[in-house]
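Participant: One structure, as structure tokens, below. Some questions next.
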Amino acid sequence: MPERVRQLLPSVLSVLLALGVCWVLIALTLEPGTATDAYLQMLWGGIGNWPAYLDGAAATVITRPLGESAMKAALLTLTGLSVAVAFKVGLFNIGAQGQMLLGALAAAVVGAQVSLPGALHVPAALLGAALAGAAWAGIAGLLRIYRGVHEVISTIMLNWVALSLVDNWLVVGPLRGAAEGGQSITGTAEIQATAVLPRLLGEGSRLNLGFPLALVAALAVWVWLTRTRSGFETRAVGLGAEAARAAGIPVARRMGLAMALAGAMAGLAGAVLVLGTEGRYPGTLGAPYGFDGIAIALIGNNHPLGATVSALFFGVLRAGGTRMQLLGVHKSFPELIQGLALLFVAGRMVWLAVLRRRSVAPAASAEVPRA
Amino acid sequence: MHRGELLAVVGENGAGKSSLMNVLYGLYQPDAGVLSLDGQPVRFKSPRDAIARGIGMVHQHFMLVPTLSVAENVVLGREPTRHGLLDLERAVREVSATCARFGFQLEPRARVDTLSVGSQQKVEIVKALHRGAQVLILDEPTAVLTPQESDELARVMRGLVAQGHTVVLISHKLKEVLGVADRIAVMRRGRCVAEVRAADTTAEQLAALMVGEGPRAPAAAAPASAVSQAPGEPLLDVRGLQATGDNGRPALRGVDLEVRAGEIVGIAGVDGNGQRELAEVLTGLRSLTSGSGTLLGGPLGGLTPAQARTRGVGHIPEDRHHRAVVKALSVEENVALGRHTRPPFAKGPWIDFKGRRERTRALTVAYDVRPPDPEVALRALSGGNQQKVVVARELDARPRLLVVVQPTRGLDVGAVAQVHAKLREARDQGTGVLLVSLDLEEVLALSDRVYVFFEGRVTGHFPRHAFDERELGRRMLGTLEPGHA
């Protein structure tokens, strides 16, 4: 079995096992038939109801679900990349959530307060979000490099700081949008039309520029890590920091820059959420896509493209999960599947050991003691 | 093997010695074949089974918890308890008793990281004996020891054998094996090719058996002249160098030395007398606390590893796993490490995959790296082949000054000869080589001049014609006042 395929197997098997376990759970609490139907509903809700479309239904039965999936997949891809990039340099970024909040706020402010022509406004808002996320992650990076503060601790704490700073103060206080037409609103002022990420499949589908943006980001990160000198240095630091130092690689700079890039990815996720879906920083952002990014990255084996595939898969599941409710199945099942898959992937070494034992089993059974 | 016998297993790197022992110890499972103990077939699923059947192993790289005491390390995994709580006093008593029974002098309460390498090894041996080991496997035990410590270890091994224990010694230091073993098994490429009584053989015969018929090209290449031409321009000149060690204590206390182009300068000394720190200062890995120096035309103070490399310092570090290679990366990526920003390894900001592949292919052939596959992960190579990759990389960079620490630690006869030949070749091409080794024979065989280190100071300086092993030994042990011969 080629090494690349073997690396993929634990993730694939974990996801399949998680799907199986959840199917059993639904089957036990409802009925086996319902479980299968629920999975089908989830599929049609995620990739579009192709049978209905082929029976002559309007194209929106395809484009609307795809839009929902793509929207979620874009956010999961970006936060997954955030965690994966940090992993490559040997850091565990638990702080994608906080970095995403800062990015979302920056995008909302640039989108609403700055006036720019259409071609520049979106890039400016995205850049602002990336920089805000990078700066927030950079705090954890600098603390690690100069003070030896473990990034797991600092990023967790910075998540809370970000939540308090943004959700609990700035958004309800200084940056709260002005009342419109006598109605007070929650969240920041609405972004200008020039800052809205254009929709790609018409108004009926929420698929917007954020989705291709996330895919391009993943591709760029992959190319950077595998094809460039600095990407090589980053991986070398992650796999053997002391050997990298002895080889003259600036370990601190690589760590700092990788952490900043991780923050930028999470910040972009915030921007895609605000510019593509919400239109403003809402009263509370809520959505824990930053935490999901940890699961996405780990299930994707911390590989930029692996994380993308895993984000696409769980984007589909998440979007389709709402349709399971039609059958009385709780909509949290997709998240349950994701959580279980993460749990199983954490047993990566067990998977590899099981796979290895299977491949040597014939030889071993041939010499069972005869006496 | 028989009870109460000292069996040595010798063979080249990658011959399968360590794999065999790992099977005995239950770390690896045999694919086929039967393992018998006291006439009964046994299967060890894990080291736990092996320990239960009285097999103990001392690994080449110690498996000790540095921050715990000797007693805590020895009882680790089967700690004595009282009312469910750890009974440390009893542990200390038990460990003292074990030490006394086998004649080891160890302080059970001492923290392991404060002990010398030789003492740490004794802790490992005591650990195995304490668990009731009847068969003791020692994997390259003398690789890290000073000559005195090696002699001490030989006495310990003979003592254990006299008490009815069985000792398996894995080594490729033939002289040592001949001096201590009863029987010697020679392995080559995964097979046991010969078994001889130590009394009936010679080092030459063993070496021939190990290498097999047909000497390999690099080892057989005519050695470069032992004595070089007149040394050239000074590459390194340090005065009053001081630096602090990892433990916060001064490791270098005022060192003066000089290395010129086209000479090999050896640093002799017992482990832990500042040699390692000197190498680290010269490669930019450790900052100096006082003193001055010129290194390849620039100041030594404030040197970074990157600057050292740009100036032309090559480095073959002592701690290969930690410092020289990244085992999870491929062979070609390791060859590029440190030079990855320059052709043929890079084109602008991009990795030059083709150039890197070609250069790696050429080096694996020239240095006889097995398997010669640039794409395989470095961790899949045996230790000797990993070291060949390191040596190939550092010499391929054509350094002006090469800092070499323990370059042949754990290598087999063929690989040692090859590394030595390559170092001489580099010297003859004008590279200045600073060789730090705990193996005095190696230092004397290669060096044009030798500095002796003791407690962070130079206690002797010998040119080649004045080498005197006894005199060097005395200065290494600090039994003479500092002076110059």
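The values are calculated or read from the model by the stated rules, or taken from the named source; none is laboratory data. Remember, predicted model here, so these are calculated numbers, not experimental data. Note that we place each Cβ from the backbone using ideal geometry, even for glycine, and neighbour counts take in every protein chain shown. Side chains included, ligands, DNA and RNA excluded: accessible areas come from the protein's heavy atoms. Shrake-Rupley method; radii C 1.70, N 1.55, O 1.52, S 1.80 Å.
Participant: Which ³J(HN,Hα) values, rounded to whole Hz and listed in residue order, are derived for the range B:388-393 from phi using the Karplus coefficients 6.51, -1.76 and 1.60 in 6.51 cos²θ - 1.76 cosθ + 1.60 with θ = phi - 60°, glycine and proline given as x?
Facilitator: My calculation for the range B:388-393 gives 4, 4, 5, 4, 4, 4 Hz in order.
Participant: If the label point is 7 Å along Cα→Cβ of A:L355, which residues in the range A:9-26 have backbone nitrogen under 18 Å from it?
Facilitator: Under cut-off, by backbone N: A:9-19.
Participant: Residues of B:332-339, mean number of Cβ from any other protein chain within 10 Å of their own Cβ, rounded to a whole number?
Facilitator: The shielding value for this peptide is 4.
Participant: Would you work out what percent of the accessible area of chain B, with all protein chains in place, is carbon or sulfur (probe 1.4 Å)?
Facilitator: Roughly 51 percent, rounded to a whole number.
Participant: Long-range amide H contacts for B:R457: which residues qualify at under 5 Å (H placed 1.01 Å from N, peptide plane, sequence gap of 5 or more or a different chain)?
Facilitator: Here the answer is B:R253, since their amide H atoms fall under 5 Å of that of B:R457.
Participant: Report the accessible surface area buried between chains A and B, summing both sides, using a 1.4 Å probe on protein heavy atoms only, in Å² rounded to the nearest 100. It would help to have the intermediate numbers written out before the result.
Facilitator: Working: alone 17560 and 22300 Å², together 37640 Å².
Between A and B, the summed buried area is about 2200 Å².
Participant: Over the protein assembly as shown, with the other protein chains present, what is the accessible area per residue in square angstrom, probe 1.4 angstrom?
Facilitator: Here the per-residue accessible area is 44 Å².
Participant: What's the magnitude of the charge dipole for the range A:3-358 around its Cα centre, counting Lys and Arg as +1 and Asp and Glu as -1 at the beta-carbon? Answer in Debye, nearest 20.
Facilitator: Dipole magnitude for the range A:3-358 comes out near 1200 debye.
Participant: Counting only the heavy atoms of the protein chains, how much of B:D271 is accessible to a 1.4 Å probe, in Å² to the nearest 10?
Facilitator: 50
Participant: In terms of Cα to Cα distance under 18 Å, which lysines are near enough to A:K88, apart from those fewer than 8 places away along the same chain?
Facilitator: B:K327
Participant: Can you tell me the orientation of helix B:353-366 relative to chain B, as the angle in degrees between its alpha-carbon axis and the longest Cα principal axis, to the nearest 10?
Facilitator: With rounding to tens, the tilt is 70 degrees.
Participant: Given only helices, namely DSSP H runs of n ≥ 4 each adding -39500 (n - 2.57), what is the per-residue ellipticity at 222 nm of chain A, to the nearest 500 deg cm²/dmol?
Facilitator: On the way: 15 runs with 258 residues, N = 371.
Mean residue ellipticity, 222 nm, calculated: -23500 deg cm²/dmol.
Participant: I would also like to ask the following. What relative contact order, as a whole-number percentage, does chain B give when Cα pairs under 8 Å and 6 or more residues apart are counted?
Facilitator: That works out to 17 percent.
Participant: Students often forget the sequence filter, so: which lysines lie under 30 Å Cα-Cα from B:K175 once same-chain residues fewer than 8 apart are removed?
Facilitator: The reachable lysines, counting only those whose Cα sits under 30 Å from B:K175, are B:K17, B:K122, B:K127, B:K388, B:K422.
Participant: Along the Cα→Cβ direction, 7 angstrom out, place labels at A:T322 and A:R147. What is the inter-label distance in nm?
Facilitator: Distance between label points: 4.2 nm.
Participant: Go ahead and run the numbers for FRET between B:R379 and B:S46, Cβ-Cβ distance against an R0 of 22 Å, rounding to 0.05. Let's see the in-between values first.
Facilitator: Numbers: r = 22 Å, r/R0 = 0.98.
Using R0 = 22 Å, I get an efficiency of 0.55.
Participant: I'd like the FRET efficiency for B:R93 and B:E455, computed as 1/(1 + (r/R0)^6) with the beta carbon distance as r and R0 of 45 Å, rounded to 0.05.
Facilitator: E between B:R93 and B:E455, to the nearest 0.05, is 0.80.
Participant: Here is a further query. Exactly which trypsin sites (Lys or Arg not before Pro) in the range B:175-204 are in a DSSP loop and have at most 11 other Cβ atoms within 10 Å? Please list the in-between numbers first.
Facilitator: Values: sites: B:K175, B:R183, B:R188, B:R189, B:R191, B:R197; in loops: B:R189.
Passing both the DSSP loop test and the Cβ count: B:R189.
Participant: In the Gaussian network model of chain A, springs joining C-alpha atoms below 10 Å, which of A:G98, A:G67, A:G248 carries the largest mean-square fluctuation?
Facilitator: A:G248
Participant: When you look at the Cβ of every residue in B:118-124, what mean number of other chain Cβ atoms sits within 10 Å?
Facilitator: Per-residue shielding by partner chains comes out at 0.
Participant: Short version: which residues of the range A:201-233 lose at least 20 Å² of accessible area, all chains versus chain alone, 1.4 Å probe?
Facilitator: Residues meeting the cut-off: A:T226, A:R227, A:T228, A:R229, A:F232, A:E233.
Participant: Same structure, new question: Ignoring ligands, DNA and RNA, what percent of the 1.4 Å accessible area of the range A:127-268 is carbon and sulfur?
Facilitator: Its accessible area is 67 percent carbon and sulfur atoms.
Participant: In addition: Taking accessible area as the heavy-atom solvent-accessible surface of the protein chains with a 1.4 Å probe, which residues of the range B:295-330 lose no less than 30 Å² upon going from the isolated chain to the full protein assembly?
Facilitator: Correct list: B:P305, B:R309, B:H322, B:R323, B:V326, B:L329.
Participant: Going by amide H atoms built from the backbone, whose H comes under 5 Å of the H on B:W350, apart from near neighbours?
Facilitator: Long-range HN contacts for B:W350: A:R229.
Participant: Filter the GluC sites (Glu not before Pro) in the range A:166-262 to those in DSSP coil with at most 15 other Cβ atoms within 10 Å of their Cβ, and list the result.
Facilitator: A:E203
Participant: Treat every Asp and Glu Cβ in the range B:334-397 as -1 and every Lys and Arg Cβ as +1, leave all other atoms uncharged, and give the resulting dipole magnitude about the Cα centre to the nearest 20 debye.
Facilitator: Values: 12 positive and 7 negative charges, 30 e Å.
Dipole of the range B:334-397, to the nearest 20 debye: 140 debye.
Participant: Moving to a separate point now. The range B:247-294: which residues show an accessible-area loss of 10 Å² or more, assembly versus chain alone, 1.4 Å probe?
Facilitator: B:L285
Participant: What are the extents of the Cα atoms of chain B along their three principal axes, in Å, largest first?
Facilitator: 65, 49, 48
Participant: Where in chain B lies the longest segment free of GluC sites (Glu not before Pro) that are both loop residues by DSSP (not H, G, I, E, B) and have at most 12 other Cβ atoms within 10 Å?
Facilitator: Between exposed loop sites, the widest span is B:1-212.
Participant: Whenever you get a sec, line up B:Y28, A:Y39 from highest to lowest accessible area (probe 1.4 Å, protein heavy atoms). It would help to have the intermediate numbers written out before the result.
Facilitator: Numbers: B:Y28 115, A:Y39 45 Å².
Result of the area sort, largest leading: B:Y28, A:Y39.
Participant: Return the single residue from A:D55, A:D167, A:D37 with maximal mean-square fluctuation; model: Gaussian network over chain A, springs between Cα atoms under 10 Å.
Facilitator: Fluctuation is largest for A:D55.
Participant: Which semi-axis lengths, in whole Å and largest first, follow from the square roots of five times the eigenvalues of the Cα gyration tensor of the protein assembly as shown?
Facilitator: 58, 35, 26
Participant: May I pose another question? Which one of A:S82, A:S11, A:S115 has the biggest mean-square fluctuation once chain A is modelled by GNM with Cα springs under 10 Å?
Facilitator: Maximum among the listed residues: A:S115.
Participant: Would you rank A:W44, A:W160, A:W23 by solvent-accessible area, highest first, keeping every protein chain in place and using a 1.4 Å probe?
Facilitator: If we order A:W44, A:W160, A:W23 from most to least accessible, we get A:W160, A:W23, A:W44.
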